[in-house]
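The values are calculated or read from the model by the stated rules, or taken from the named source; none is laboratory data. Here the structure is a predicted model, which is why all the values come from computation and not from measurement. Note: ideal-geometry Cβ built from the backbone for every residue, glycine included; neighbour counts use all protein chains shown. For accessibility, only protein heavy atoms count, side chains too; no ligands or nucleic acids. Shrake-Rupley method; radii C 1.70, N 1.55, O 1.52, S 1.80 Å.
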Amino acid sequence: MLHLRHLGEAQIETESVVTIGVFDGVHLGHRTMVRRLVEEAQSSNRLAVVLSFHPHPDKVLGEVDARYYLSTPEQRAKLLIALGVDVVITHPFDEEIRQIRAEQFVDQLVKHLRLKELWVGSDFALGYEREGTVEFLRQRGKRDGFSVTAIELIMSEAGDDSIHSSQLRDLVRQGEMRQAKGMLGRAYSVEGKVIHGQQRGRKIGIPTANLEVWEEQIIPPNGVYAGLARLGQETRMAATNIGMRPTFGGDKLSIEAHLLDFDRDIYGASIELSFEARLRPERKFNGLDELLTQIKLDIEQAKAVLGKVQPD
């Protein structure tokens, strides 16, 4: 299983089945299509290849929020590989790619990927001014020996609605974590390194792991959440606070996870932190005793929520 950072790095010797897209978040729609592609590749003894891009074209071409992504490039690759993809390529989306002619780009796909099947959306187009339409690709395929499969709008597993990354972005920004999970097929999560904070939690007997997360990934709105913390091969229940710590006059956003029944020094470690449910919004308390009472209630509520959750 490979994660490459440029199409030019790929020197594939086995014929491949390829799909192209951003795949931000790798939601249920993406997963449904990718699983089908993997099955097709395996049945024909070919490699399953996903060609993705970073930055997102929306970030390059338009004005979007600073925090825009549902997943880091590393998370995205890991999720795709977990579905059975053999090679993930995260190609830079830059001015060169914006201006490249469709003929040139297809030449690179054929050269580097030994392309035999290309799976794209029915409205897909690549290259300068979107000249590389599905019909164009089919004509090139006849010449170069690859087929093109146009996939209709991907539906949810229930088959009753389409799924779009834009919808998911809105749900996460609104703190609708259960709805987001239904579209992702898993709880929304962020990854980050544990950094030193002000250690207020440890002083009151409730230590927290302060996470430093990618500044371009969407985080849920301020509040308290129940979720799971994955530390290497270990998974722990967690009650997580996102906010400014108004009781202490804080002025900087923090993500602090209290891992239940856990008290080890993990500074510098990487944690994947999921958000199963929003328990309450952030609020200011009248002193430490009132805050501590509420934190204990939050922990009990988190246990009740997470007791029904099976780790992904």
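Annotations for the structure displayed:
- Here I299 meets the list (1) in contact with a Lys or Arg (Cβ under 8 Å, 6 or more places away or on another chain); (2) at pLDDT 95 or above; (3) open to solvent by less than 30 Å² (accessible area, probe 1.4 Å) almost entirely, failing just condition (1).
- Complete set of residues in region 282-295 that are assigned to a helix (DSSP H, G or I) and free of Cβ contacts under 8 Å to residues at least 12 places away in the same chain: D289, E290, T293, Q294
Per-residue answers, yes or no, for (1) of a type outside the set (A, V, I, L, M, F, W, C); (2) in contact with a Phe, Trp or Tyr (Cβ under 7 Å, 6 or more places away or on another chain); (3) under 27 Å from T32 (Cβ atoms); (4) open to solvent by 10 Å² or more (accessible area, probe 1.4 Å):
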site: H54; (1), (2), (3), (4): yes, yes, yes, yes
site: A77; (1), (2), (3), (4): no, no, yes, no
site: L83; (1), (2), (3), (4): no, no, yes, yes
site: D86; (1), (2), (3), (4): yes, no, yes, yes
site: P92; (1), (2), (3), (4): yes, no, no, yes
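- Restricting attention to region 210-236, the residues that are more than 20 Å from G268 (Cα to Cα), touching a Leu at 6+ places or on another chain (Cβ under 7 Å) and hydrophobic (A, V, I, L, M, F, W, C) total 3.
- Residue selected from region 16-40 under the condition under 22 Å from V106 (Cα atoms) and free of Cβ contacts under 8 Å to residues at least 60 places away in the same chain, by the criterion surrounded by the most Cβ atoms within 10 Å (Cβ to Cβ): F23
- Just one of the listed residues (G197, G201, G205, G185) is surrounded by fewer than 21 Cβ atoms within 10 Å (Cβ to Cβ), at pLDDT below 95 and within 21 Å of P73 (Cβ to Cβ), namely G185.
- A41 passes every criterion in (1) part of a loop (DSSP other than H, G, I, E, B); (2) touching an Asp or Glu at 6+ places or on another chain (Cβ under 9 Å) apart from (1).
- For beta carbons closer than 9 Å, sequence separation of 6+ or different chains, a first residue in region 58-70 that is within 15 Å of G25 (Cβ to Cβ) and of a type in the set (K, R) and a second that is in a loop (DSSP other than H, G, I, E, B) and modelled with pLDDT of 90 or more, the qualifying pairs are K59/Y68; K59/F93; K59/E216; R67/W214; R67/E215; R67/E216; R67/I218; R67/I219.
- When E157, E191 are screened for being modelled with pLDDT of 95 or more, in contact with a helix residue (DSSP H, G or I) (Cβ under 7 Å, 6 or more places away or on another chain), within 21 Å of F23 (Cα to Cα) and open to solvent by 20 Å² or more (accessible area, probe 1.4 Å), only E191 passes.
- Sole exception among (1) open to solvent by 10 Å² or more (accessible area, probe 1.4 Å); (2) more than 20 Å from R130 (Cβ to Cβ); (3) in a helix (DSSP H, G or I) for K59, by number: (2)
- All of V110, V64 fail the test of being open to solvent by 10 Å² or more (accessible area, probe 1.4 Å) and either at pLDDT below 95 or among the aromatic types (F, W, Y) (or both), apart from V64.
- Hits in region 222-255 - residues which are over 13 Å from I299 (Cβ atoms), touching a residue at least 24 places away in the same chain (Cβ under 8 Å), assigned to a strand (DSSP E or B) and open to solvent by 20 Å² or more (accessible area, probe 1.4 Å): R230, L231, T235
The rows are residues; the columns are (1) hydrophobic (A, V, I, L, M, F, W, C); (2) in a loop (DSSP other than H, G, I, E, B).
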site	(1), (2)
N45	no, yes
F53	yes, no
V64	yes, yes
R67	no, yes
E74	no, no
L79	yes, no
T90	no, no
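- Within region 60-86, being among the polar types (S, T, N, Q) and over 14 Å from the mean Cα position of the chain (by Cα) holds for no residue.
- Enumeration of residues in region 92-129 that are touching a residue at least 24 places away in the same chain (Cβ under 8 Å) and in a loop (DSSP other than H, G, I, E, B): F93, D94, I100, R101, R114, S122, F124, G127
- I219 vs. criteria part of a loop (DSSP other than H, G, I, E, B), of a type in the set (A, V, I, L, M) and modelled with pLDDT under 95: no
- Of all residues making up region 132-150, the number that are among the charged types (D, E, K, R) and in contact with a helix residue (DSSP H, G or I) (Cβ under 8 Å, 6 or more places away or on another chain): 2
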